[in-house]
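Have a look at the structure below before the remarks.
The values are calculated or read from the model by the stated rules, or taken from the named source; none is laboratory data. Every value quoted in this text rests on a predicted model; they were computed, and no experiment measured them. No Cβ is skipped: glycine too gets one built from the backbone with ideal geometry, and neighbour counts run over all protein chains shown. Remember, those area values only see protein heavy atoms, side chains included, never the ligands or the DNA or RNA. Shrake-Rupley method; radii C 1.70, N 1.55, O 1.52, S 1.80 Å.
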Amino acid sequence: AKFVTVDEVTAQSGTDAGEALEKASKGPRRGDPRRKAFRAEQWSRVLTPSQYESLRLARTEQPYSSVLHNETRVGVYSCAGCGTAVFHSSFKFESFDGHPTFFNAIANGVQTGDGKGIKMRREIICSCCGSHLGFVWADG
């Protein structure tokens, strides 16, 4: 995921913070040119190797390795694959597992996948480009 502060969103959109966050929360929809349906070799050209492993291969980052883990500013987390807004900073909490963790998602920003063979979890993917964003475990 990528992170954009309220100030950055406001500067980009030319509106006040509330309007800017609302606009940022409305990610690409079907038919939007930002919706990406790349083949594997195309994804590997537009993403860093680390992003490709996380977003496209659903491999878990090492704990505490994400620059987003300690992010505390107010803003929006978006999919690094297509830019869809997926989490607001107010949804973030400390789970003490070394990964950015959220208790909710921006409406229409994410959908659930199958859990990749483990019954106790559900995969969270970007609703626009299908990139892997993490997992929700049955215990919370």
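Observations
- Counted residues, the stretch 62-107 - those being assigned to a loop (DSSP other than H, G, I, E, B) and among the aromatic types (F, W, Y): 3
- Near pairs, Cβ below 8 angstrom, 6+ apart or cross-chain, from the stretch 45-73 (of a type in the set (D, E)) to any residue that is surrounded by 15 or more Cβ atoms within 10 Å (Cβ to Cβ) and part of a helix (DSSP H, G or I): E61/S54; E71/S89
- Considering the stretch 28-43, the residues that are open to solvent by 80 Å² or more (accessible area, probe 1.4 Å) and more than 17 Å from V86 (Cα to Cα) include one that is modelled with the lowest pLDDT, namely P33.
- All told, K119 meets the bar of being modelled with pLDDT under 90 and open to solvent by 80 Å² or more (accessible area, probe 1.4 Å).
- When each of V67, V76, V46 is tested for being open to solvent by 70 Å² or more (accessible area, probe 1.4 Å), of a type in the set (V, I, T), at pLDDT 85 or above and under 14 Å from the mean Cα position of the chain (by Cα), the lone residue that passes is V67.
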